[in-house]
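Report on the structure given below.
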2 protein chains.
Amino acid sequence: MNQESSIAILAPGLLGGSLALAVRKKFPLAVIRVWARRSEALDEVRQRLPSAIGSTSIAETMQGASLAILCMPVPHMKAAAEQIIAANTTPQLLVTDVGSVKGSVVTTLEPVFASKGIPFIGSHPMAGSHATGMAHARGDLFQNAACLLTPRESTPSEALNRLRSFWATLGCRVLEMSPAEHDRHVARISHLPHAMAVLTTLAALKDDNRAIPCAAGGFRDTTRVASGDPTMWSGILRENRAEVLAALQDASGHLNGLIELLNSGDEAQLASFLASAKALRDLVPAPPELRL
Amino acid sequence: MNQESSIAILAPGLLGGSLALAVRKKFPLAVIRVWARRSEALDEVRQRLPSAIGSTSIAETMQGASLAILCMPVPHMKAAAEQIIAANTTPQLLVTDVGSVKGSVVTTLEPVFASKGIPFIGSHPMAGSHATGMAHARGDLFQNAACLLTPRESTPSEALNRLRSFWATLGCRVLEMSPAEHDRHVARISHLPHAMAVLTTLAALKDDNRAIPCAAGGFRDTTRVASGDPTMWSGILRENRAEVLAALQDASGHLNGLIELLNSGDEAQLASFLASAKALRDLVPAPPELRL
């Protein structure tokens, strides 16, 4: 497939940087252009990927691009979109993003691009890390990750096919859903766990952190994502606020249920509460590298 | 040091089985006796560790033992203790356990052993897995794990020194604290995270599990321990109920705070809430194998 000949990656953070490395490997003939706000960020890109063409100008970065991928924080995407439509773009140009929310992103960006006849389809590769920046970028970050595409009824099928093919070539399992479905699912499977890791950390250590030397793998795993970037995550939680609040209310209901069960001392009921969670957790496939 | 010449391990589950494998490696000359309730469990032990002497009789297992380690679930420990004091034991015998709670264990078992002049000191190696049983036992499970010892004022220092030396020989970082301190710290660093993983799983998937294919590393890590054995964990949460309830109440307070922050839309406050958790989480050392 590999039909994309010139790929523009806007903002080389952990995701954009990993994307540049992955594209280099899977699309060996493609021209890779990377835009960054700061020229220091481009120096980092050149160190990891000398063949990438860096620029701090969006107009320059868009030259000849058949595919552009917005990798900056969601609040900065609209300004980037406006610069893209003001630039000289090819008739083949297809634009996507890698933002963690889709309802607001698609609603905001699609009309901007549509005004110039450029198709925009939201993407959300379910890959990342609590670490940030090009320094932690990894070319295999997308291998076996789910990538959620959020086309709309108006999305041209040729553009959707190209985008499917792009992510599949990077090794992703491509799933499709509406922007609203995306935001509901991701609130539950990503934003809620992030919030719960934060709450676990605070409840465990805020008043008294002397338990830290006792920590083992359970605490480390359960709270790992709480080390994520607070500014990025406050943006994500706010953008998906309604769905995140619904998930947190459910968590609060289950928490009150657990407190009641512990107060009642009914151990069989408590075991069955824990068993219902185990049954659900056991449905989640192990990561491919650990599958037997 | 390696002064223990004959070590009795009672109940070869994940911890007891891993202990047998670790003792074999670090105390190559010691006799290892393993007691199990079912003879099928002893067959599993013989497969992994042919040199272990298995028995379904506690009296037989105690023959010649200088150290006995109770690895059964906490509710079964008292009955085992009573069989130990009824057996023919050596004057060197020191008894410990690996239970996840210490207040109730020490209060219950110490007088039983004291009635025969046998020193008992609680141990809690902070090692384990969501998997259970001898089949998942690993000889390196204790390497670099914290092991919390809970001596009392009356504990003979010679016995405490021997127990310290035993766990250190297995590769543990030995920490000492009172049974009450243990239960407070472990409620925060182990039992709370377990409960939160259960709540996260239920809030994410109970009403609608269609988000499962979207799951990535964040969900997997945050909820991994929710796959733990429900019966074992309901016992642990019940045994440490007061401290677990206090930790869950704190989590509930932080959860309500987060819901308020999201409702208020104050993104700077939300970012600072997330940053306070990140600062605490960043204090937790990475596991030794990942340290740079």
*asked:* Explain nothing, just the number: relative contact order of the stretch A:1-114, from Cα pairs under 8 Å at least 6 residues apart, as a whole percent.
replied: 26 percent
*Phi-based couplings in Hz for the stretch B:94-111 (Karplus 6.51, -1.76, 1.60; Gly and Pro marked x)*: 10, 10, 9, 9, 10, x, 7, 10, 10, x, 5, 5, 5, 4, 7, 8, 4, x
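Are there GluC sites (Glu not before Pro) in the stretch A:117-208 that DSSP puts in a loop and that have at most 11 other Cβ atoms within 10 Å, and which ones? Could the numbers behind the result be given before it?
Values: sites: A:Glu153, A:Glu158, A:Glu176, A:Glu181; in loops: A:Glu153.
Here the sparse-neighbourhood loop sites are A:Glu153.
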_Those lysines that a straight Cα-Cα span of less than 25 Å connects to A:Lys102, excepting residues fewer than 8 apart in one chain_ = A:Lys78, A:Lys116, B:Lys206
*chain A: projected area of the alpha-carbon convex hull, averaged over directions, in nm²*: 17.8 nm²
*Could you give the dipole magnitude of the stretch A:2-48 about its Cα centre, charging the beta-carbon of Lys and Arg +1 and that of Asp and Glu -1, in debye to the nearest 20?*
80 debye
*Signed unit charges on C-beta, dipole axis of the stretch A:6-177, positive-most listed residue A:Ile118, A:Val174, A:Met72*: A:Val174
*According to a simple spin-label model (label point 7 Å from Cα along Cα-to-Cβ), what is the distance in nm between B:Ala59 and A:Leu29?*
8.3 nm
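When Cβ neighbours within 10 Å are restricted to other protein chains, what is their mean count per residue of peptide B:259-271?
The mean count of partner-chain Cβ atoms within 10 Å per residue comes to 4.
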*asked:* Just checking the output field for B:172-182: average partner chain Cβ neighbours within 10 Å of each residue's Cβ?
replied: 1
*Tell me, how many Å apart are the Cα centres for the stretch B:111-128 and for the stretch A:91-128?*
62 Å
*Apply 1/(1 + (r/R0)^6) to the Cβ-Cβ distance of B:Arg37 and A:Glu158, taking R0 = 56 Å, and write down the FRET efficiency to the nearest 0.05.*
0.25
_Based on the alpha-carbon set only, what is the convex hull volume of the stretch A:6-177 divided per residue, in Å³?_
100 Å³
*Report, in degrees rounded to the nearest 10, the 0 to 90 angle that the Cα long axis of helix A:241-264 makes with the longest principal axis of chain A.*
20 degrees
_Going by amide H atoms built from the backbone, whose H comes under 5 Å of the H on B:Gly122, apart from near neighbours?_
B:Thr150
*Kindly state, to the nearest 0.05, the FRET efficiency for A:Gln269 paired with B:Asn209, given R0 = 25 Å and r defined as their beta-carbon distance.*
0.65
*How big, on average over all directions, is the shadow cast by the Cα convex hull of the protein assembly as shown, in nm²?*
27.6 nm²
*asked:* Taking the 0 to 90 degree range and rounding to the nearest ten, how far is the long axis of helix B:267-281 tilted relative to the main principal axis of chain B, both from C-alpha atoms?
replied: 10 degrees
*If you draw the axis that swings chain B onto chain A, which residue of B has its Cβ closest to it, and how far is that in whole Å?*
B:Asp221, 2
*Charges only on Cβ, +1 for Lys and Arg, -1 for Asp and Glu: so what's the dipole of the protein assembly as shown about the Cα centre, in debye to the nearest 20?*
1280 debye
*For chain A, what's the relative contact order in percent, using C-alpha pairs closer than 8 Å and at least 6 residues apart?*
16 percent
*Helix-only CD estimate at 222 nm, as mean residue ellipticity for the protein assembly as shown, using -39500 (n - 2.57) per DSSP H run (n ≥ 4)*: -15000 deg cm²/dmol
*the stretch A:182-290: Rg to Rh, with Rh as the Kirkwood radius over Cα pairs*: 0.99
*Return the sequence-ordered ³J(HN,Hα) values of the stretch B:152-158 in whole Hz as given by the Karplus equation 6.51 cos²θ - 1.76 cosθ + 1.60 applied to θ = phi - 60°, using x for Gly and Pro.*
10, 4, 7, 5, x, 5, 5
*What angle do you read, to the nearest 10 degrees and between 0 and 90, between the alpha-carbon axis of helix B:39-48 and the longest principal axis of chain B?*
80 degrees
*asked:* As an exercise, identify the chymotrypsin sites (Phe, Trp or Tyr not before Pro) in the stretch A:87-178 lying in DSSP coil whose Cβ has no more than 10 other Cβ atoms within 10 Å.
replied: none
_Other protein chain Cβ atoms within 10 Å, averaged over every residue that makes up B:232-239_ = 5
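Near A:Met62, within a Cβ-to-Cβ distance under 12 Å, what is the net charge of the other residues, with Lys and Arg +1 and Asp and Glu -1?
Within the 12 Å Cβ shell, the charges total +1.
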*Could you state the per residue volume, in Å³, of the convex hull enclosing the Cα atoms of the stretch A:124-197?*
99 Å³
*Once amide H atoms are built 1.01 Å from N in the peptide plane, which residues 5 or more positions from A:Arg173, or in another chain, come under 5 Å H to H?*
A:Asn144, A:Ala145, A:Ala146, A:Cys147
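Where a number appears in this text, it was derived from the coordinates with a stated rule and is not lab data. Because the structure is a prediction, the values reported are computed rather than measured. We place every Cβ from the backbone using ideal geometry, glycine too, and count neighbours over all the protein chains shown.
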